[in-house]
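Derivation of every value follows stated rules applied to the coordinates shown; laboratory data play no part. Because the structure is predicted, anything quoted here is derived from the model rather than measured. Glycine also receives a Cβ, built like all others from the backbone with ideal geometry; neighbour counts cover every protein chain displayed.
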């Protein structure tokens with residue numbers, strides 16, 4: 001009887017795989033764990049000024065986040081970025097710091113994995129209102145207090161049926177490469 005319970009329990013054990021496991025090799029319900037603490041160097045609050053705007057990034061590490069991608073369901077350690085963008089007068093233009101973000105909402109910035117040979121991390125951005133500006137963000141740690149930012153937005157068609165005309169369609173994040181953020 002005890003052997004039977006052990007066999008059933010072990011079948012449901014979660015397989016731990018390295019953080020950068022290729023999607024085709026990920027097994028259902030596995031856990032892509034940051035075994036080498038590659039994500040830890042990006043955690044913190046970072047600030048920059050760009051195009052007369054002050055941008056504050058709040059980067060945290062979330063353990064065992066549920067991911068659903070290309071018909072695969074698994075868990076992964078990820079970086080999550082929330083941000084505040086202010087104009088030069090200090091007026092907030094966009095603030096996601098207190099938003100509850102999930103897989104069904106916009107404004108998500110979540111890491112997809114690291115590229116150890118290049119020394120960077122790639123993040124997916126779901127875009128602002130109506131998904132405008134969705135794309136890829138690449139962060140590279142330059143030293144203990146600075147990181148480099150690259151944001152590559154993709155084009156989006158705006159449909160007035162799904163994105164009302166009164167919606168703010170501005171992308172406030174810096175659309176640039178090699179922007180330096182400093183840790184606060």
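Taken along the Cα-to-beta-carbon direction at a fixed 7 Å, the label points for residue 91 and residue 47 span 2.1 nm. The protection proxy used here, the mean number of other Cβ atoms lying within 10 Å of each residue, ranks peptides 116-127, 131-142 as follows, highest first: 131-142, 116-127. GNM on the chain, C-alpha springs below 10 Å: top fluctuator among 146, 17, 70? Highest fluctuation among the options: 70.
What does the extension gain come out to for residue 35 and residue 61, with contour length at 0.36 nm per residue minus their alpha carbon separation? Don't skip to the end; give the middle numbers.
Working: separation 26, 0.36 × 26 = 9.36 nm, distance 1.32 nm.
Length gained, residue 35 through residue 61: 8.0 nm.
What angle, in degrees between 0 and 90 and rounded to the nearest 10, separates the Cα long axis of helix 2-11 from the longest principal axis of the Cα atoms of the chain? Helix 2-11 sits at roughly 30 degrees to that axis.
Taking every DSSP helix (H) stretch of at least 4 residues in the chain, weighting each as -39,500 (n - 2.57) and dividing the sum by the residue count yields a mean residue ellipticity at 222 nm of -1500 deg cm²/dmol. Looking at the chain alone, DSSP beta bridges between its own residues are antiparallel in about 90 percent of cases.
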